[in-house]
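Below: one structure, written as structure tokens.
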Amino acid sequence: MVNRAALDTAGEDFSQCWCCDASADPTRMVHLGNHPEVALCVRCAHWAAKQAWEIEDQGKAGPLVRVRGRLRAARRYVVRRGWQHHWLLRGPLRWLGKRLP
């Protein structure tokens, strides 16, 4: 007897994100250099990059570091208030979020 799940996934070549479990084409995933089995979807890769910038900024000082810190604080405030789900603010906030550190 053949497993139906095996038949459904046969021929489909999808990778699964290690962060959010989303499935996508492996060419649309970010793979770690020394560990190609680790894959992140584009959304989680952007999140990881922003986290890396924040860690790097902890050891730095200067006006740009302070500005990035305030932008991060503003982002946390928006998320805490749930404004990213508001029908009028959702689009502009997501556009801004993609372009800010």
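Taken together, the values in this text are just the output of simple stated rules run on the coordinates, not laboratory data. These figures come from a predicted structure and were not determined experimentally.
Helix 42-57 axis versus longest C-alpha principal axis of the chain: approximately 40°, rounded to the nearest ten. As I understand it, the value is the acute angle between the Cα axis of helix 63-81 and the longest principal axis of the Cα atoms of the chain; what does it come to in degrees, rounded to 10? Helix 63-81 sits roughly 60 degrees off the main axis of the chain. Computed with the Debye formula from one identical point scatterer per Cα of the chain, without solvent, the log10 of I(q)/I(0) at q = 0.16, 0.19, 0.22 Å⁻¹ comes to -0.88, -1.05, -1.16.
Rounded to the nearest 10 degrees, the angle from helix 90-99 to the longest Cα principal axis of the chain is 80 degrees. Pairs of Cα atoms nearer than 8 Å and 6+ residues apart set the relative contact order; for the chain it is 15 percent.
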